[in-house]
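This report concerns only the one structure given below.
Derivation of every value follows stated rules applied to the coordinates shown; laboratory data play no part. If you're wondering where the values come from, they're calculated on a predicted model, not measured in any experiment. Reconstructed Cβ throughout: ideal geometry from the backbone, glycine too, with neighbour counts over all protein chains shown.
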Amino acid sequence: MQLTRDITGLNFIVTGAARGIGLAISTLFYSLGARVSGWDLDVSGMKESQIFSDIQKVDVTNENATQNSFAKSLHRLGDIDGIIANAGINGPTKPMWEYSLSEWNAVINVDLTGVFLSVCASLDHFRKRNKGRIIIISSIAGKEGNPGAVPYGAAKAGVIGLAKGLSRELLPSEITVNCIAPSIADTELLKEMSDEYIADKKSRIPMGRFCAPEEIAHMAAFIASPACSFTSGQVFDVTGGRATW
């Protein structure tokens, strides 16, 4: 069997593609010869970019929006080989007992329900093809807990459970479902976090620095490629040595 990391000519949807991790993934995939449909709630900065073969303005918490946008992306690209469910928010950094229900719901709706809806929109297509790549951006917070942002950690743990369950529901097939669990990455999400929270999370990383979005992108490119053909329902860590399991 000849396996390759080449993704030339393959078509992918990336949610939360306008900035941060999503933009890094989209940029790398484009440079590797893939075509990218970029989904985001704010697409104003994407319109002039050559990275995207298709752009969809999508609220991932809205079922009709995700279903309709998938159909549009499929029509525009002709086929979809995979989806990278990346869109997410951090939410306030404070103890859980200070969270209101509306703040909890805001995080869960994007980081967990938004993944569910984005992935569900792709499943009929992948099941008809009997192949596809579903990659979910989780977090080390989903494995270790996340003091100071419990809803975020709960949502990221939830998508790991989603990936593990869905991967088994889809077997036997060539549809793989995997997560990437980074430590905090150096993105605009840092603006949502307090200085104390940032310092605490950085101190937990043995390499002494945050993850670069490009490092997550390279992991995503491997999982999306034919070389990662026999792994499903797993979590790929990009944590600078923080992960212990």
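Brief remarks follow.
- Per the Cα gyration tensor, the stretch 56-130 maps to an equivalent ellipsoid with semi-axes of 30, 11, 10 Å, ordered largest to smallest.
- In degrees, nearest ten, helix 213-224 long axis to first principal axis of the chain (Cα): 40
- Range of Cα positions in the chain per principal axis (Å), largest first: 47, 38, 35
- CD proxy at 222 nm, helix term only [per DSSP H run n ≥ 4: -39500 (n - 2.57); per residue of the chain; nearest 500]: -12000 deg cm²/dmol
- DSSP-defined antiparallel bridges as percent of all bridges, the chain, nearest 5: 0
- Note on the stretch 24-71 and the stretch 77-102: Cα centroid distance 16 Å, given to the nearest whole angstrom.
- Degrees, to the nearest 10: 114-129 long Cα axis against longest axis of the chain: 20
- Rounded tilt (10° steps) of 20-31 against the dominant C-alpha axis of the chain: 30
- Residue exposure sequence - 177, 43, 58 - by fewest surrounding Cβ within 10 Å: 43, 177, 58
- Assigned charges on the beta-carbon of Lys, Arg, Asp, Glu; the chain dipole about Cα centre (debye): 560
- If you take all other residues with their beta carbon under 10 Å from the beta carbon of residue 41, and give Lys and Arg +1 and Asp and Glu -1, the sum is -2.
- Listed residue pairs exceeding 20 Å between alpha carbons, taken from 57/143; 47/72; 94/202; 94/156; 57/94: 57/143; 57/94
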